[in-house]
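The values are calculated or read from the model by the stated rules, or taken from the named source; none is laboratory data. From a predicted model like this one, the values you see are computed outputs, not experimental measurements. For neighbour counting, all protein chains shown are included, and Cβ atoms are generated from backbone atoms with ideal geometry for every residue, glycine included. With ligands, DNA and RNA removed, areas are computed over all heavy atoms of the protein, side chains included. Shrake-Rupley method; radii C 1.70, N 1.55, O 1.52, S 1.80 Å.
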Amino acid sequence: WDNADFSRGVGTTYYQEFSTLNTAKPLFVRDVEAKVRRYMRSSYSAAWTLKITWEKAPAYTARTDTRKTITYQAVLTTDGFRSYILMLYQDRGMQWDYTRLAATNVLIGYT
């Protein structure tokens, strides 16, 4: 990860909360549940899910090229006992020039 910089008015952050403890589940939440079941090989029924999207986020600092952006999502979900996070990246979406970033050990994802 590296820091995004929204100080020049480029890029947007969105979020959407899904509280599904006693309600019908939207298609998005059912898709998240299916991914957790598949990846974790266990039963899972989400009680709460949060989707955060960073769209066309420029790299920190604003002195870098704001035309080179990244779009990605983090999805947090819990059944009240277990919690998971899905990190989703737009295909070919990493446009930051990593040679101009403050950190030189840049990764997409986590280790």
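See the values below:
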{"read-out": "Size descriptor, Kirkwood hydrodynamic radius, that averages inverse alpha-carbon separations across region 12-100, Å", "value": "14.6"}
{"read-out": "Percent accessible area from carbon and sulfur atoms, region 1-83, protein chains only, probe 1.4 Å", "value": "52"}
{"read-out": "K68 versus S42: modelled label distance in nm, points set 7 Å from Cα along the beta carbon direction", "value": "4.0"}
{"read-out": "Difference of contour (0.36 nm per residue) and Cα-Cα distance, S7 to L76", "value": "22.3 nm"}
{"read-out": "Linear extension gain, R30 paired with D91, 0.36 nm per residue minus alpha-carbon span", "value": "19.7 nm"}
{"read-out": "Whole-Hz ³J(HN,Hα) from phi, Karplus 6.51 cos²θ - 1.76 cosθ + 1.60, for region 26-31, glycine and proline x", "value": "x, 3, 4, 5, 4, 5"}
{"read-out": "Long-range HN-HN contacts of A47 with modeled amide H, under 5 Å", "value": "T78, D79, G80"}
